[in-house]
Every structure is written in C-alpha cells, then in structure tokens.
Amino acid sequence: MTGIIGNQWTGVILAAGRGSRMKSRLPKVLHQVCGRELIKYPVELMHQLEINNIIIVVSPENIAAIQQTLGDGFEYVVQYDPKGTGDALERAMPMILGGDHQVLVMNGDVPLLRSQSVEKLCLSHSNKLALMSLLTVSDVIEQELGIIHRDIEGRITHILEAADGPDFESDSFLEANVGVYCFDPKFLGRSINKITSNKSGERYITSLAAIADEDGTEINAENCSKLEELLGVNNRVELSRVEAIERQRILEHWMLEGVTIQDPASVYIDHDVVIGQDSIIFPNTALRGTTQIGEDCQIGPNSLIDNSVIGDRNRIICSHLESSTIESGVTVGPFSHLRPGSHLESNVYIGNYVEVKNTWLAEGSVAGHFSYLGDATIGSDVNIGAGTITCNFDGINKHNTLIEPGAFIGCDTLLVAPVTVGARASTGAGSVVIKDVPESRLVVGVPARIIR
Ligand code: UD1
Ligand code: CA
C-alpha cells in the first residue's frame, strides 16, 4: 500500500447498530469471519491505508466488549440510541470538526471489502477535491441495500434505502451503496444536521447524497471491481456466505504461497494463521487463531490446531493442539492432545493417546503410547513408557513433576507429584513413585523402593 493518503485522514467506523437481525446476545460486529471479529476488518483496512486516527462509534451495550477486542489506540464515541447511521456519524462530529482531515467512514459489517477499492475512492476524493465520495457496486440484484439514483447526466441525486419502499423492479440490475464514504469536514459540518428522520425515526447517512445534490455539490463515486466486496453481514445466512468467500480467499492465498492443501473443501484456515513453504495440509483440518506453521510440515488429516507455534518439518496426525509450541522434527499423533502450555523441543516423539498439559519435553524425548503428562518438566532423551501418568492433582492443589535427562520411565508408572526422577534413573513397570528417585537409580514396586 502506498500510504499516500495517510496522515491527513480520520477514519470513522460505525458499529453502534443493534444488529437485531443476528438474533444474538453477542454484538454483531464481534461475530467472527474466519476467526476474526467483523469490526477488525475495517480497522485493518484503515491501518493498511495508514490511517491511524480512528474513531469507533459504539453503543453503551457493546462498548466494553469492543474495547476489549480492539484494545487501545482508538477513540470510542457512544451513540446512546441507535437512531441510524447518520445519527451515528453525528456522534463523532465533535472529534472531526475544527480539523482539516478528510473523513473516511465505513460500516462495521462489510468484511470483504478490499483495501484497493477503498484506496481508489480516497485517492479520487483527494485528487478531485471532492466534498463527498462514495463506493458503489453495479449490476446488483439485491433487496436490502441503499440504491444509487442518478440523473440523465449520470450525477448521483440520492440514495433510496430498501427499508423505505423501493420504487424499482426487484429483478432489474441496480447500482448499490457499499457503505464506504469520504467527506470533506466542512461539508459534513454544514450538512449533517440537515439529515431528517424517516418514518421509523432513523436518520440515514445516505440522506447526505440528496443534501449534497440540493446544495449543488457533485458526489464523486468509484466502483468496486468485485461484486462480493459489497456483501454485508446482517443475519447469520449472510455471515455464512461471507465466511465461505473469505475462507476461499485465504486458502487460495496459501496455495499460491507454496502450501499444498489436498482437499480445500475440508480445510479451514483462520485469517491470522501463517504457513511456511512446502507444508502440506491434509483433509479435515482446521488451523485457527494465531497458529503459525513452519516449512515442510505435514498437518492432518483430522487435526485441529489452535493458537500454536509449530516449527519446520513437523508431523501432526489426527490430533488437537491448543496454545502449544513445537520446535522441529517432531511427530504428534495419531489421536493425541496437546493442551495449553505444552512445549516440545526438536525431535520429540508423541505417539497415540497422549495428553500433554503445561509440560516441557526437551530434545529427543519420547512418549509413544497413552500417557498423561501434566505440569511436568521432562529433560532430553527421556523415555516415557506406555501408560505413564503424572499424578499432578491431589484434589486441592496442582504439583509439578521433574524428570531429568536420560531417565527411563517404565510402563504404567504413576509419578505422584511433587516428585523428581533423577538423571538416567529408571522406574520399573507398574511403579507408584511417591518419593524422589536419585540419579541413576532403579525403583520398582508399589510403593516403589530402592532395590540396588
Ligand atoms: C447500510 C446503508 C445502505 C448500504 C448498506 C451496505 C444506511 C442507511 N444504509 O444499510 O445504503 O447499501 O449499509 O451494507 O446507512 N449503525 C450504527 N448506528 C445506528 C445504525 C447502524 O452505528 O444507529 C452501524 C451498524 O452497526 C453497522 C452500520 O452502521 O455497522 C450499518 O448499519 P446497518 O443497519 O447494517 O445498515 P444497512 O441496513 O446494512
Ligand atoms: Ca449492514
């Protein structure tokens, strides 16, 4: 992105609507598309255009949740009563007036917009010294949008909202309003209070088109090149439609970056995921949240990876990883579960039916078969026999297990934490270890006792 429209702009995102058509307890703009909240899409788009002065119009009900999602770095303005998009913009006026920034206004519920389209609008607005500009899409057959009306010379005269009784044939192609506008602050200052209420008491931002036309101000418009960019999210059917398009965009992006996705129809990759070259994603796999995958990995089939960092040359088969870190050359699965806080150093091998939680396994350690390793620190080259369990919970508190490098834990060992197994020590099959095992010693029995 060029950034040429950068600092002289203020962004306004309208996000105070009730979102009643979602029929949800969650604010509409916090519903997710490909793992990212709707509100983050216009925010990221503005950041891509280097607009960092951003005002977000929120409601008293959703301000706390939106602030928590977006964090600092924004101005929040509350619209106490959602009386329409025009009213929402008016709430932000005290922060706009008096400045010389041009104003970019975007709806908070249109996630498929591409930054190129908005940048084109901002550039033509600046170049033509326009007072009002807006983005449109042509050839739409759509009921629920604002429809652009032009006079014989092609000048925009007004926008008619579907809710106010369209005067057009429903099967004709129309030019629709996308919900992205540029304004000169002086134009807004003299026009915004001219917006009147419709019959249901709403004041539309789109009424500014007729107000501009009446005072002889020519409205500048640019077209989005892709029809899909205009798709908004007003109900859950639209949410799924938008998700399907965004998901396909993400899959195509990674395939073009050198990732093999064997069956794109069954693979789900969230927006913020990163994948290295020559990795292969097998069917029925979801990569979610902030997951990062290195190069030459094989992930799936049937795997779910949440917020995890996976280095190069790793293999994850039919497993679930949550907030875990894997270095390189590691195998996990089939059918294992890494819960939050698991860290596998290079060349660790986790086989089937192993649950790992808040546990560090150092280089080359092996847990091949049905084990629970929780709150443990495991040194390098440790063998964890089948059926080993770290008994980390005494019913009240959690306790740690330390297994030092080179230890050999025999099958079915119960390690009753807090407990330490010293370097190169061994436990016999079926041991219940309730005391620390000194370095290089062998313990067996229930409870285990030192026999040599
Ligand atoms: C709006 C446009 C329509 C356009 C369409 C594109 C108006 C009147 N109509 O319709 O021309 O084709 O978007 O998707 O603007 N909001 C507030 N406060 C309010 C009402 C809404 O902040 O009082 C916010 C919403 O949270 C939402 C955005 O404004 O993010 C758009 O509101 P919405 O009710 O979804 O407008 P549409 O009916 O989709
Ligand atoms: Ca909408």
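Run down VAL137, VAL103, VAL110 and say which single residue is closer than 15 Å to GLY232 by Cα, assigned to a strand (DSSP E or B), of a type outside the set (Phe, Trp, Tyr) and within 30 Å of the chain's Cα centre (by Cα).
That would be VAL137, the only listed residue that is closer than 15 Å to GLY232 by Cα, assigned to a strand (DSSP E or B), of a type outside the set (Phe, Trp, Tyr) and within 30 Å of the chain's Cα centre (by Cα).
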Go through the stretch 40-55 and give me each residue that's within 13 Å of GLU119 (Cα to Cα) and not in a helix (DSSP H, G or I).
LEU49, GLU50, ILE51
In the stretch 220-234, what residues are among the small types (Gly, Ala, Ser), within 14 Å of ligand 1 (Cβ to nearest atom) and over 19 Å from the mean Cα position of the chain (by Cα)?
ALA221
Residue satisfying all of: in the stretch 141-157; away from ligand 2 (no atom under 14 Å from the Cβ), in contact (Cβ under 8 Å) with a residue 60 or more places away in the chain and not in a loop (DSSP other than H, G, I, E, B); nearest to ILE211 (Cα to Cα) among these
ILE156
In the stretch 12-38, anything in a strand (DSSP E or B) and within 15 Å of ligand 2 (Cβ to nearest atom) is listed as ILE13, LEU14, VAL33
TRP9 fails exactly one of (1) within 15 Å of ligand 2 (Cβ to nearest atom); (2) crowded, with 18+ Cβ neighbours inside 10 Å, namely (1)
Here is a check on your reading of the model: is ASN302 within 16 Å of ligand 1 (Cβ to nearest atom), in a loop (DSSP other than H, G, I, E, B) and more than 16 Å from the chain's Cα centre (by Cα)?
no
Can you tell me which residue within the stretch 158-185, out of those that are over 17 Å from ASP213 (Cβ atoms) and either modelled with pLDDT of 90 or more or in a strand (DSSP E or B) (or both), is nearest to ligand 1 (Cβ to nearest atom)?
GLY179
Members of the stretch 15-54 found to be hydroxyl-bearing (Ser, Thr, Tyr) and closer than 22 Å to LYS83 by Cβ, listed by number
SER20, SER24
All but one of (1) in contact with a Gly (Cβ under 6 Å, 6 or more places away or on another chain); (2) under 21 Å from THR290 (Cβ atoms) hold for CYS318; state the number of the condition that does not hold.
(2)
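The values are calculated or read from the model by the stated rules, or taken from the named source; none is laboratory data. Being a predicted model, the structure only gives us computed values, none of them experimental. Please note: Cβ atoms are built from the backbone with ideal geometry, for glycine as well, and neighbour counts cover all protein chains shown.
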